[in-house]
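Below is one structure, written out as structure tokens; the observations come after it.
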Amino acid sequence: MQETRHRVLDALANGPVSGPTLAEQLDISRSAIWKHVEALRDEGFEIESGDDGYVLDSVPEFGEAAVEYGLDAPFSVEYHDSIPSTNARARDLAAEGASDVVVLADEQTGGRGRLDREWSSPSGGIWLSALFRPDVPMAHAPVFTLAAAVAVTRAAREAGVDAGIKWPNDVLVRRGDEERKLVGILTEMEGEADRVSWVVVGIGINANVDPEDLPGDARPTSLQAERGDPVDRRAFTQRVLEEFDALRRDPDGVLDAWREYATTLGRRVRVETPSRTVEGEAVDVQFPGALVVETGTGTEVVSAGDCEHLRPLSE
Ligand code: BT5
């Protein structure tokens with residue numbers, strides 16, 4: 001959103017404020033103020049105009065201006081009602097030189113998981129991709145996947161959903177002996193070995209969607225299904241972006257937070273990597289995101305793969 005529009009919005013939120021006063025405060029014409037107010041109304045902001053001037057009545061439920069408004073993180077937001085994939089769009093923006101942009105959608109028609117798997121993304125979810133350019137070597141990038149998992153887990157817990165993290169990229173909710181997938185994360189990047197050019201962290205959050213509309217074999221769940229009522233997607237998205245922003249600046253702090261929320265540590269696991277299968281007890285996570293597994297014969301460090309929890313969680 002434009003800087004001036006932000007300022008108009010802030011003034012209206014503290015209103016009522018008259019058009020002439022606002023024009024003077026922001027040093028723009030009264031007709032420019034009127035255009036900003038109309039544009040904000042078009043975006044779903046309810047703005048009353050009474051005798052004392054304009055005042056902000058309500059903020060739209062979701063969308064570009066809604067998420068940017070009051071967001072305490074330096075991302076601009078590009079919103080789509082429907083798009084094939086927010087990660088694909090963020091990659092295009094990366095090629096154009098953009099940074100610190102979040103692509104956000106209500107629905108994806110071609111959402112992708114890892115290894116070209118499909119990610120089902122009906123309307124009502126929070127499907128987003130954050131594009132940024134950290135000054136780190138390529139080998140460190142996995143820490144951003146962990147950071148995203150921590151950020152969403154925190155937001156979910158604040159929203160009353162007791163989520164935990166399965167290594168490396170799933171946020172799950174336990175239901176009896178079963179764990180159900182609430183969130184998936186797909187990180188993509190480009191650069192030279194010693195320096196990342198860009199990173200896109202794609203986060204798919206089953207927010208206000210019905211798990212019946214998601215692939216059953218994946219044992220999915222949603223924030224709405226767990227809470228029993230819909231979540232405020234605007235506030236939830238803002239919390240995720242704010243937490244993620246703080247964590248991306250503190251890669252070393254990510255691991256401690258991750259350990260706190262992990263459901264994988266202390267469990268028997270089977271990890272399938274492209275080259276081997278490792279089975280044993282998951283004992284720790286190592287920077288930038290590798291899983292340490294004690295097998296009967298020694299310690300293995302696995303940096304990527306699909307992880308299965310083999311035994312139910314102990315009470
Ligand atoms: C992931 O892959 O978990 C990463 C998903 C990343 C999605 C986000 S949405 C925003 C951004 N734009 C994109 O196009 N992608 C990212 P993986 O670990 O490979 O898991 C994929 C598997 O999860 C599928 O094979 C299904 O079994 C299951 N699945 C698909 N859709 C699901 C959903 N909505 N909820 C839970 N499970 C799902």
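Residues in region 273-285 that are at negative phi and at pLDDT 95 or above: 8 in all. Determine if region 234-244 includes at least one residue that is of a type in the set (F, W, Y), within 14 Å of the ligand (Cβ to nearest atom) and part of a helix (DSSP H, G or I). Yes, because at least one residue in region 234-244 is of a type in the set (F, W, Y), within 14 Å of the ligand (Cβ to nearest atom) and part of a helix (DSSP H, G or I).
Which of the residues belonging to region 12-31 are assigned to a helix (DSSP H, G or I) and in contact (Cβ under 8 Å) with a residue 12 or more places away in the chain? Within region 12-31, L12, A13, G19, T21, L22, Q25, L26 qualify. Apart from one condition, A151 fits all of (1) aliphatic (A, V, I, L, M); (2) under 13 Å from S85 (Cα atoms); (3) touching an Asp or Glu at 6+ places or on another chain (Cβ under 6 Å); the exception is (2).
Does region 234-245 contain at least one residue that is modelled with pLDDT of 95 or more and open to solvent by 50 Å² or more (accessible area, probe 1.4 Å)? Outline the logic, then answer.
Going through region 234-245, the residues modelled with pLDDT of 95 or more turn out to be 234-245.
Okay, now just the ones that are also open to solvent by 50 Å² or more (accessible area, probe 1.4 Å), so 239.
Scanning region 234-245 turns up at least one residue that is modelled with pLDDT of 95 or more and open to solvent by 50 Å² or more (accessible area, probe 1.4 Å).
Counting only residues that are closer than 16 Å to N169 by Cβ and more than 6 Å from the ligand (Cβ to nearest atom), region 129-139 holds 1 of them.
Considering only region 190-205, I want to know if a residue exists there that is of a type in the set (A, V, I, L, M), within 15 Å of the ligand (Cβ to nearest atom) and surrounded by fewer than 24 Cβ atoms within 10 Å (Cβ to Cβ).
No: region 190-205 contains no residue that is of a type in the set (A, V, I, L, M), within 15 Å of the ligand (Cβ to nearest atom) and surrounded by fewer than 24 Cβ atoms within 10 Å (Cβ to Cβ).
Within region 152-183, being within 12 Å of the ligand (Cβ to nearest atom), open to solvent by 10 Å² or more (accessible area, probe 1.4 Å) and part of a strand (DSSP E or B) holds for K166, D170, L172, E179, R180, K181. Candidates are the residues of region 64-92 that are more than 18 Å from F244 (Cα to Cα), of a type in the set (A, V, I, L, M, F, W, C) and touching a Phe, Trp or Tyr at 6+ places or on another chain (Cβ under 9 Å); the one that is nearest to the ligand (Cβ to nearest atom) is I83.
Whenever a residue of region 145-161 is polar (S, T, N, Q), its partners that are part of a helix (DSSP H, G or I), lying with C-beta atoms within less than 6 angstrom and at least six residues away or across chains, give the pairs T153/Y261. Scoring E96 on the criteria (1) open to solvent by less than 40 Å² (accessible area, probe 1.4 Å); (2) more than 8 Å from the ligand (Cβ to nearest atom) leaves a single failure, condition (1).
The values are calculated or read from the model by the stated rules, or taken from the named source; none is laboratory data. A quick note: this is a predicted structure, and the numbers were derived from the prediction, not measured. Cβ atoms come from the backbone with ideal geometry, glycine included; neighbour counts cover every protein chain shown. With ligands, DNA and RNA removed, areas are computed over all heavy atoms of the protein, side chains included. Shrake-Rupley method; radii C 1.70, N 1.55, O 1.52, S 1.80 Å.
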